[in-house]
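Participant: Sending over a structure as structure tokens; questions will come in a sec.
Nothing in this text is a laboratory measurement; each read-out follows from the coordinates by a stated rule. Everything numeric in this text was worked out from a predicted model, so none of it was measured. Methodologically, a virtual Cβ is constructed for each residue, glycine included, from the backbone with ideal geometry; neighbour enumeration extends over all protein chains shown.
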Amino acid sequence: MAKMTGKQMVIEALKREGVDIIFGFPGGAIIDVYDALEKDGTIKHVLVRHEQGAAHAADGYARASGKVGVCIATSGPGATNTVTGIATANMDSVPIVVFTGQVPTALIGNDAFQEVDIVGITRPCTKHNYLVKDVKDLPRVLKEAFYVARSGRPGPVLVDLPKDVQNGKAEFDYPQEIKLRSYNPVIEPHGKQIERAYRLIEKAKRPVIYAGGGVIISDADKELRALAKAMHIPVTMTLMGLGGFPGTHELSLGMLGMHGTYSANMAMANSDLIIAIGARFDDRVTGKIEAFAPLAKIIHLDIDPTSIQKNVKVDVPIVGDCKRVLKKLLDAVKDGGRPAEAWMDQHQAWLQQLDAWKKRHPLTYKEEPGVIKPQNVIEKLYEMTKGRAIITTEVGQNQMWTAQFYKFDEPRTLLTSGGLGTMGYGFPAAIGAQMAFPDKLVVDVAGDGSIQMNIQEMATAMEQRLPVKIVILNNQFLGMVRQWQELFYDRRYAATEFEMTPDFVKLAEAYGAKGFRATKPEEVDDVLSKGLEAEGLAIMEFAIAREEGVFPMVPAGKATTEMLLV
Amino acid sequence: MKHTLSVLVENTPGALSRITGLFSGRAFNIESLNVAATLDPTLSHITLVTRGDEFIIEQIIKQLRRLVDVFKVVDVSEGEFVEREMSLIKVRAEEESRAEILRICDIFRCKVVDVSPKSYTLEVTGPESKLKAVIELLRPIGIKEITRTGTIAMMRERKTI
């Protein structure tokens, strides 16, 4: 077998793993891989303006497409700049592979120029990581990296490549299949557990499905829809689960938790059976844990055993891939042979109750003359895009208003940093999504605070001619923190007001993009249609009601039934 | 409740750090930790003593299993098991205390592994409770230095991990 250099192996592995787009930023310790990339010429490289942008773009690419996202950075500061992106992907189970350059093996530990122990730094926020010390190990490590990233509960994997490994030579024996004795995620659920789950469902009078990001990751949306429909069970979704079940479906209760709907939180509080699917009972969902779903038995489906029984006691744990588990559950329903009307009858009173709750406190906001309401902007955005755009968000109020007022019907259409809550995620993620789907409409919903955290990627989007649309809900506040200060800190607005924000229209123009601004409600439609129809990158800025809050809201640490409604 | 876990991990750099990082990052505690190679040089055996209620122990075991480098985790304290720890204790041995130290040594079947005009170094092996007892008896005489291996453990009878 012919010998190959380490840098060539990296390129070759990318090809064999089906990677055709990568995001990155070069530097001295990764220059050799870049050289091999250039010589090869078949893999599209997107040059970002900051390595954090590369990690988020790879993440956005992965979430939108379901494929593994790849990013590449140099040693030292290049590597540390990817860390927020890696941690973001880790919390939301996104498969990305990050390649970092490293100083030559002989210099490791010597405090060499641009040296950092990135494997040590990212150990707690990657699914797994590797420092490759011998080029002979590289083919195996490359194969493992992609396999570990995409299998089981997906996650980020980092591969650190010392300069001499990039240039060293060895045989390139790329394994076709891989089996790791220490890593065997459980995919198929246990038959007994399915039976036990079905028996609980059979008896339940007030069941509710609580669906999380796992539904989307395992492409189980069709199975979920079929299951809910077959048994007439209402569905509420976490932030990560939005799109996993159609938001416009009559059985949808919308999002639950801290800023969830009244009906979703009431459903959980009064349910006698919660069927958790690919969700992890996060504190933003449960509120005060002692008061969470006091009447309910719990069935919990998850591919990650650590998610089960971590925060709440579970009656029937089912470890396995959501799609497979749901298929088995559907089989059990069929075998049960109960007619659809029987399920309907059993849940009728419950569904009526939920309907009453929906009607009593729907998601709403107060119109005010002369002032743009952010919720209205999102509603209009939803109407104009017919719900068909890929929406990314930043973090904070912009994220919650989007989750509440944009009805996601399809999986992989909302890309948002749910677990880590990373401001600055949305825009680079939109770039990644647009690279994956050049013909789709991709919109980043941002606040004036978070858009500035990765605004430099405007240049990346321009360079790649990406028609990403940015909606900026500008209240000149770090709105979510301000809202907490208003409610719980006697309106002491410590460090949340921006006395200066840039002129976003001019900023767009400075990058060669289009910029539009609305300051009055009657301008909203016009700005949205101009922005959405503009060719190429565009910013739509909306001067929104400055002290608008996100409601309902469950104050942190309170029971989810203690919602502030307006 | 105290639990003794046997963990088989890939003998790779960073594997131990992943485990200790998991404990500190998730606020689990480690009472003692012992690591050494097994008969298979590609695997290391870690014996880890920790405390927690059943939910915490369940989480610890699951979290350990989730690590890509971890091959096997067994809570050996769930069934019958033997545990041992060894300690080297350097104790002040003046004229009047030398005989007393040797008597303690005899009772607990310790070994004197080093002698100097002013000190004895003892090797003590046994379950943690025995080590505690020896240490408490020697403390008034004057312990100059002490090192301990941490617990190692094994399931009884035919069971292996």
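Participant: Take the Cα atoms of the stretch B:84-154, build their convex hull, and give its volume per residue in Å³.
Facilitator: Values: hull volume 5.1 nm³, N = 71.
Considering the Cα atoms of the stretch B:84-154, their hull volume per residue is 72 Å³.
Participant: Averaged across the residues of B:58-71, what count of C-beta atoms belonging to other chains lies within 10 Å of each residue's C-beta? Walk me through the numbers on the way to the answer.
Facilitator: Numbers: counts 5, 6, 1, 2, 8, 3, 1, 5, 9, 4, 13, 4, 2, 5.
Counting other chains' Cβ atoms within 10 Å and averaging over B:58-71 gives 5.
Participant: Where Rh denotes the Kirkwood radius from the mean inverse Cα pair distance, what is Rg over Rh for chain A? Working shown, then result.
Facilitator: Values: Rg = 24.3 Å, Rh = 24.6 Å.
Reported Rg/Rh, Kirkwood definition of Rh: 0.99.
Participant: Starting from the Cα of residue A:465, move 7 Å in the Cα-to-Cβ direction to define the label point; list residues of the stretch A:515-554 whose amide nitrogen is under 17 Å from there.
Facilitator: Flagged as within label range: A:534-538.
Participant: For each pair in A:15/A:169; A:192/A:407; A:373/A:440, compute the distance between the two Cα atoms and list the pairs where it is over 25 Å.
Facilitator: Values: A:15/A:169 19 Å; A:192/A:407 37 Å; A:373/A:440 27 Å.
A:192/A:407; A:373/A:440, as the Cα separations exceed 25 Å there.
Participant: Excluding residues fewer than 8 places away in the same chain, name every one of the aspartates and glutamates whose C-alpha is closer than 13 Å to that of residue A:506.
Facilitator: A:541
Participant: Hey, another quick one. DSSP beta bridges in the stretch A:374-543, what fraction antiparallel, as a percent rounded to 5? Write out the running numbers ahead of the final one.
Facilitator: Values: 1 of 23 bridges.
Approximately 5 percent, going by the DSSP bridge assignments.
Participant: Sticking with this one: Give me the base-10 log of I(q)/I(0) for the stretch A:374-543 at each q in 0.12, 0.19, 0.20 Å⁻¹, Debye formula, one uniform scatterer per Cα, rounded to two decimals.
Facilitator: Calculated log10 I(q)/I(0) at the listed q: -0.48, -1.26, -1.40.
Participant: Counting only the backbone N, which residues of the stretch A:300-332 are under 12 Å from the spot 7 Å out from the Cα of residue A:190 toward its beta-carbon?
Facilitator: Flagged as within label range: A:316-320.
Participant: Can you flag which of A:133/B:144; A:203/A:310; A:205/A:366; A:323/A:380; A:359/A:469 are past 31 Å Cα-Cα? Walk me through the intermediate numbers first.
Facilitator: Details: A:133/B:144 43 Å; A:203/A:310 26 Å; A:205/A:366 36 Å; A:323/A:380 34 Å; A:359/A:469 34 Å.
Too far apart for the 31 Å limit: A:133/B:144; A:205/A:366; A:323/A:380; A:359/A:469.
Participant: When the Debye formula is applied to the Cα atoms of the stretch A:191-360, each taken as the same point scatterer, what base-10 log of I(q)/I(0) results at q = 0.11, 0.17, 0.19 Å⁻¹?
Facilitator: Per q value, in the given order, log10 I(q)/I(0) is -0.37, -0.98, -1.28.
Participant: Loop sites only, by DSSP: take the chymotrypsin sites (Phe, Trp or Tyr not before Pro) in chain A that have at most 13 other C-beta atoms within 10 Å and name the longest stretch containing none of them. Don't skip to the answer; put the middle values down first.
Facilitator: Details: sites that count: A:113, A:489.
Segment A:114-488 is the longest.
Participant: Out of the DSSP beta bridges found with both residues in chain A, what percent are antiparallel (nearest 5)?
Facilitator: Details: 7 of 71 bridges.
Among the beta bridges of chain A, antiparallel pairing accounts for roughly 10 percent.
Participant: Under a crude label model (7 Å from the Cα following the beta-carbon direction), how far is residue B:143 from residue B:103 in nanometres?
Facilitator: 2.1
Participant: Okay, next question. Evaluate the distance, in nm, between pseudo-label points positioned 7 Å from the Cα of residue B:133 and of residue A:16 along their respective Cα→Cβ axes.
Facilitator: Between residue B:133 and residue A:16, the simple spin-label model gives 6.1 nm.
Participant: While we're here: Over the Cα atoms of the stretch A:449-566, what radius of gyration and what Dmax do you get, in Å?
Facilitator: 16.9, 49
Participant: If I take every Cα pair under 8 Å that is 6 or more residues apart in the stretch A:374-543, average their sequence separation and divide by the length, what percent do I get for the relative contact order?
Facilitator: Working: 322 pairs, mean separation 35.0, N = 170.
Computed value for the stretch A:374-543: 21 percent relative contact order.
Participant: Among the GluC sites (Glu not before Pro) within the stretch B:67-161, which fall in a DSSP loop and have no more than 10 other Cβ atoms within 10 Å of their own Cβ?
Facilitator: Numbers: sites: B:78, B:80, B:83, B:85, B:94, B:95, B:96, B:100, B:123, B:128, B:136, B:145, B:157; in loops: B:80, B:94, B:157.
Counting only loop positions with at most 10 other Cβ atoms within 10 Å, the GluC sites (Glu not before Pro) in the stretch B:67-161 are B:80, B:157.
Participant: Return the tail of the calculated pair distribution for the stretch B:1-134, meaning the percent of Cα-Cα pairs more than 27 Å apart.
Facilitator: 38
Participant: Post the alpha-carbon centroid distance, the stretch A:118-172 to the stretch A:347-362, in whole angstrom.
Facilitator: Each part's Cα centre sits 51 Å from the other's.
Participant: While we're here: Under 20 Å from a point 7 Å along the Cα-to-Cβ line of residue A:349: which residues of the stretch A:181-225 have their amide N that close?
Facilitator: Backbone N within reach: A:200-209.
Participant: Here's something else I'd like to know. Work the Kirkwood hydrodynamic radius out for the stretch B:2-78: mean of 1/r over every pair of different alpha-carbon atoms, inverted, in Å.
Facilitator: 12.3
Participant: For a quick check: sort A:74, B:121 by the number of other beta carbons within 10 angstrom, fewest at the front.
Facilitator: Numbers: A:74 24, B:121 17.
Exposure proxy ranking, most exposed first: B:121, A:74.
Participant: Here's a follow-up. Normalised radius of gyration for the stretch A:3-171, please: alpha carbon Rg relative to 2.2 N^0.38 Å, two decimal places. Show your work: numbers first, answer last.
Facilitator: Details: Rg = 14.0 Å, N = 169, 2.2 N^0.38 = 15.5 Å.
Scaled against compact globular proteins, the figure is 0.91.
Participant: Another one. Would you mind ranking A:384, A:268, A:237 so that the residue whose beta carbon has the fewest other beta carbons within 10 Å leads the list? Intermediate results must be reported in sequence, preceding the final value.
Facilitator: Values: A:384 16, A:268 25, A:237 31.
In increasing order of surrounding Cβ atoms, one gets A:384, A:268, A:237.
Participant: Something else: Checking the cross-link filter: which aspartates and glutamates have an alpha carbon closer than 20 Å to that of residue B:159, excluding same-chain neighbours under 8 positions apart?
Facilitator: Once the sequence-local aspartates and glutamates are set aside, what remains near residue B:159 is B:40, B:75, B:78, B:80, B:83.
Participant: In µm²/s, what is D for the stretch A:88-154 at 4 °C and 1.567 mPa s, where D = kT/(6 pi eta Rh) by Stokes-Einstein and Rh is the Kirkwood radius from Cα pairs?
Facilitator: Details: Rh = 13.2 Å.
Approximately 99 µm²/s, per Stokes-Einstein.
Participant: Over the stretch A:105-252, what portion of Cα pair distances is larger than 27 Å, expressed as a whole percent? Intermediate results must be reported in sequence, preceding the final value.
Facilitator: Numbers: 5152 of 10878 pairs.
Percentage above 27 Å: 47.
Participant: Still on this structure, I have one more. What is the distance in Å between the Cα centres of the stretch B:70-142 and the stretch A:237-275?
Facilitator: With the stretch B:70-142 and the stretch A:237-275 each reduced to a Cα centre, they are spaced 60 Å.
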